[in-house]
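Below: one structure, written as structure tokens.
Laboratory data are not the source of any read-out in this text; all were calculated from the coordinates shown. Nothing here was measured: the structure is a model prediction, and the numbers come from that model. Cβ sites come from the backbone with ideal geometry, for glycine too, and all protein chains shown count toward neighbours.
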Amino acid sequence: MHKIDFTLPFSDPVLIFACLMLIILLVPILFSRIRIPGIIGLIVAGILVGPSVAGILERDSTIILLGTVGLLYLMFMAGLEIDLKRFFRYKGHSLVFGAYTFFIPQVVGAVLTVYILGFEWLPAILLASMFASHTLVAFPIASKLGITKNTAVTTAIGGTIITDTAALLVLAVVLAMGEGNVTTSFWVNLAISLTVFSLFVFMVIPKIARWFFQNVSEESYLEFVFVLAIAYLISFLSEIAGVEAIIGAFMAGLALNRLIPENGTLMNRIHFVGNSMFIPFFLLSVGMIVDIRVFVAGLDAWIVAIFMVTVAICAKFLAALLTQKTLNYSYNEMMSMFGLSVAQAAATLAVVLIAFDYGIFGDFGDAVLNGSILMILVTCIVSPVVTMKYGKKLALAEQDKPYDPSEAPQRILVPLANPETSQALMDIAFLVRDKNSNEPLYPLTVTRGVSNDIGAEVAESEKLLSHAIIHAASAEVPVIPLTRIDLNVSNGISRAVDEKRISNVIIGWNGQVSAKQKVFGSILDNLLNDIDEMVMVCKIENPVNTLNRIVVAIPPFAALEVGFTEAIRSLKLMAQQLGGDFEVLVTRDRKEFVENRIEKIKPEIDVLYTILDSWDNLLDWLTNNKTDDDLLALISAHEGSLSWRPGLDQLPRQMAQQFTNCSFIIIYPTDKSI
């Protein structure tokens, strides 16, 4: 029998891992009962089980490895979740906050360190860089509260990459100055390596990822493995380029941002693994760094520690306050920015450990190391508390905004018939569905019941539904599967629309046409005649996460339709999830009116307007400008409605024949009042 060694610290790998998983399971539950964020609980648990208190677990190479993996994963998720469209729209905001949150702690910290602690200027500048950097320890809280798309939060996340990069560059420069290596060649080599690295990350990696998602889709778990491989490979390459791995992980998230929709199954897998394992490992490892014993050894450690904690918190608060005054943010937004930016962990650890090894701080080395640990502990407690308190207020303020018709409840029906296209239709539904909606999706199969064994037909339909249910569960989207038996399929769909009070039908089309068909075929044509609700007829040729641009063609007078708002809202939600461009094709005489209508419809995204001299030029424009990575969306109309014209019925067939490899959606807005 294998003998288990229970001496402390534990050395058996199975026992160590079991302890870690029990801590990750129980601590957040216990701390939630006393209304303290689980993040704080995991840090405190790391202190208690670490070598300075109970000594149950040693911060050995395994814990360090898991903590590093978790930290990089956290930064990768931050890059993935940032709203790139909003980031680029408000990039000036991130530059402002990044400048404030770097230069204020850097300058103030260096001056105070020299005149209060008596440091030389070089170690003082390096110590101040620790105040300037910050780690997004409270990011999981912002993500859980659903405020990551808020402008101020996006600004804080964008500012992180600026200040952390600058702080770590200070470390590289100070070390080079200490060795006398700061020459022209040093700056030239650093600039070249960072430029090549950035071009590779943002130009090459997205193309590789798009090819992978389009061609390697046999097993969904391979997508997750691919994403992890890219994230950690880029993290390693960033070290070769001359910056810390956390910068590379964040850049990897930015590079893959547009290819991983927020409400998709892949993003859900990334969140699940990160929140359940990797990020808790990082938080535990941070707690285990804290050595309580050093603070009973003398006053030097306390003086330096209190100084570092005070300067770090006050400087970060001042940076957030000046950003609020400059950019006119609300008080809750300012405090949320402060909460996200006050935590010191990753870059601080990198700076202090490297500087300690090099002896930069001289006789103050031990005091700075211990002061850094206390600063990490205090700021990592302050950060989630502040973010939770004011993030909640920020989230509630969003919910309390006046009702907007463009935010009407969605009830989405997805009729399924072909196993090969069912996943794509469900993915479209995920993108169209508002992430804040409590309404489930309604996947539907209609069985004709023409055979002698109706039970077998129903069983086959339920098998198709089961795949849709599993796919939706992977994306954490609630579903209510429906089965109908009806000799007339369109009647079965329209009955489900009436029974469930459906607002939007998402249905597939194979693109095949014949002379006998009026528009799509008997089932779809009959459905369009039977119901007044919005119908989205989809022909999807590529994985939806690889679509790079949504091109919306709006015929004359379509903006006057009752359902125009909901149609555009659905497309805007898709564009927001995909992160690609949103281009509207409109005739010259209707451009101003259409633009005014679209700008009032939420969510707010950047819209590019392209003028058509005549609606008859639409196909010519598409022939010359569309790519296979585009999603073409045509706002059509139910026959007899205000904007209907005979030519609209011919466009789907013409598009299917001319653009065989391109994905498109034909949208029939509802023509009945809500």
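Summary of values
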quantity	calculated
Separation of the ARG293 and GLU476 label points, Cα + 7 Å toward Cβ, nm	4.1 nm
Amide H contacts of VAL552 (H built 1.01 Å from N, under 5 Å, at least 5 apart or other chain)	GLU583, VAL584, LEU585, ALA633
Approximate spin-label separation LEU642-LYS600, in nm, with each point projected 7 Å along Cα-to-Cβ	1.2 nm
Nitroxide proxy distance, nm - points 7 Å out along Cα→Cβ at GLN650 and ASN436	4.4 nm
Size of charge dipole - region 406-539 - debye, nearest 20, with Cβ of Lys, Arg +1 and Asp, Glu -1, no other charges	200 debye
Proxy reagent accessibility, fewest Cβ within 10 Å first, across MET130, MET334	MET334, MET130
Cβ-based exposure ranking for CYS538, CYS662, CYS314, in which fewest neighbours within 10 Å come first	CYS314, CYS662, CYS538
Filter on LYS144/LYS591; LYS149/LYS325; LYS144/LYS463; LYS207/LYS316; LYS149/LYS207; LYS149/LYS463 - keep pairs with C-alpha separation over 28 Å	LYS144/LYS591; LYS144/LYS463; LYS207/LYS316; LYS149/LYS463
Sequence-distant residues sharing a close amide H with GLY508 (under 5 Å, placed H)	CYS538
Charged-residue dipole, Cβ positions (Lys, Arg, Asp, Glu), the chain about Cα centre, Debye nearest 20	1020 debye
Placed amide H near LEU441: partners under 5 Å, 5+ positions off or other chain	VAL479, ILE480
Mean separation of Cα contacts under 8 Å, 6 or more apart, over the residue count of the chain: relative contact order %	14 percent
222 nm mean residue ellipticity, helices alone, for the chain (DSSP H n ≥ 4; -39,500 (n - 2.57); rounded to 500)	-19500 deg cm²/dmol
Packing-based ranking, highest mean first, of 603-612, 260-269, 72-81 given that Cβ atoms within 10 Å are counted	72-81, 260-269, 603-612
Least to most buried among SER422, SER372, SER11, SER133 (fewest other Cβ within 10 Å first)	SER11, SER422, SER372, SER133
